[in-house]
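Structure record follows, encoded as structure tokens.
What follows is calculated from the coordinates using simple rules that are stated; it is not laboratory data. Computed from a predicted structure; not experimentally measured. Note that each Cβ is placed from the backbone with ideal geometry, even for glycine, and that neighbours are counted across all protein chains shown.
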Amino acid sequence: MARKAQSAPIAIHMTVLEMTAPPKQSLPVPVNVHTAILGAPEIPLAFYRFLYRQVGSRWHWVDRLRMDDETLAATLNDKRNSVTVLYVNGAPAGFFELLQVDEETIELSHFGLLERALGLGIGKWFLLQTLYAAWAAGPKRVTVTTNNLDHPRALQLYQMFGFSPIGTEDAEIVPLTDAELLSLAKRDCQLPIPQR
């Protein structure tokens, strides 16, 4: 049996951060853009994968893309997990995902903007809205993990909003292979066949 080709792993340095009090900042709604932030409690898998790829491809997000439908659905439909989508001028522009780890801890597991939303001056404002949502659940702490492949200013931005580093770890990410990318494209283009 032929061995599956695998991409060369990329070494990463991860930083875990936590904040133990809600943010004190206040930022105005960005001007000259229409924004809406909507929870997506029953987000369709194809839409979630679209957001995940559009936000995360630059930062080598791969974990959720490698999940089959059943595993991803179970993850997204877990009552401890929530996905919220940012819309700018009527189109998806980013999302965040929160996980209630336990009674005291909320993890900001995913956060980011689509490329079309970069440069509009909404990044800091959207992160602040994300943190307001996390703290609305009444945790004692909110955590986030970033790494050196993330946006160059991600660590600085998290710290600016009140996160403090509490640990680091070295790990590896295995990028998607060409075969995996092709498989994802085929899966994403499948249309349901009408039943007669």
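Phi-derived couplings, Karplus 6.51 cos²θ - 1.76 cosθ + 1.60 at θ = phi - 60°, listed residue by residue for the stretch 90-102: x, 10, x, 10, x, 7, 9, 10, 10, 10, 7, 5, 7 Hz, with x used for Gly and Pro. Length available on full extension from residue 68 to residue 148: 0.36 nm per residue minus the Cα-Cα distance, which gives 26.1 nm.
Backbone amide hydrogens, once placed in the peptide plane, bring residue 94 within less than 5 Å of 86, 114, excluding anything fewer than 5 places away on its chain.
Computed from the C-beta positions of residue 21 and residue 185 and an R0 of 41 Å, the FRET efficiency is 0.40 to the nearest 0.05. Over the chain, dividing the summed -39,500 (n - 2.57) contributions of all DSSP H runs of at least 4 residues by the number of residues returns a 222 nm mean residue ellipticity of -8500 deg cm²/dmol.
Just to confirm a number: summing +1 for Lys and Arg and -1 for Asp and Glu over residues other than residue 160 whose beta-carbon lies under 12 angstrom from that of residue 160, what do you get?
+3
Charged neighbours of residue 119, selected by a Cβ distance under 15 Å, balance to +3 (K, R count +1; D, E count -1). The calculated pair-distance distribution of the chain uses every alpha carbon pair, bins of 10 angstrom beginning at 0, and gives 8, 32, 37, 17, 5, 1 percent. Each of 126, 50, 161 has some number of other Cβ atoms within 10 Å of its Cβ, and from fewest to most they run 50, 161, 126.
Each residue of the stretch 77-86 was assigned a 3J(HN,Hα) from its phi angle through the Karplus curve 6.51 cos²θ - 1.76 cosθ + 1.60 (θ = phi - 60°); the sequence is 8, 4, 4, 7, 9, 9, 10, 10, 10, 9 Hz, with glycine and proline shown as x.
Scoring 86-98, 167-179 by mean Cβ neighbours within 10 Å over their residues and listing the highest first yields 86-98, 167-179.
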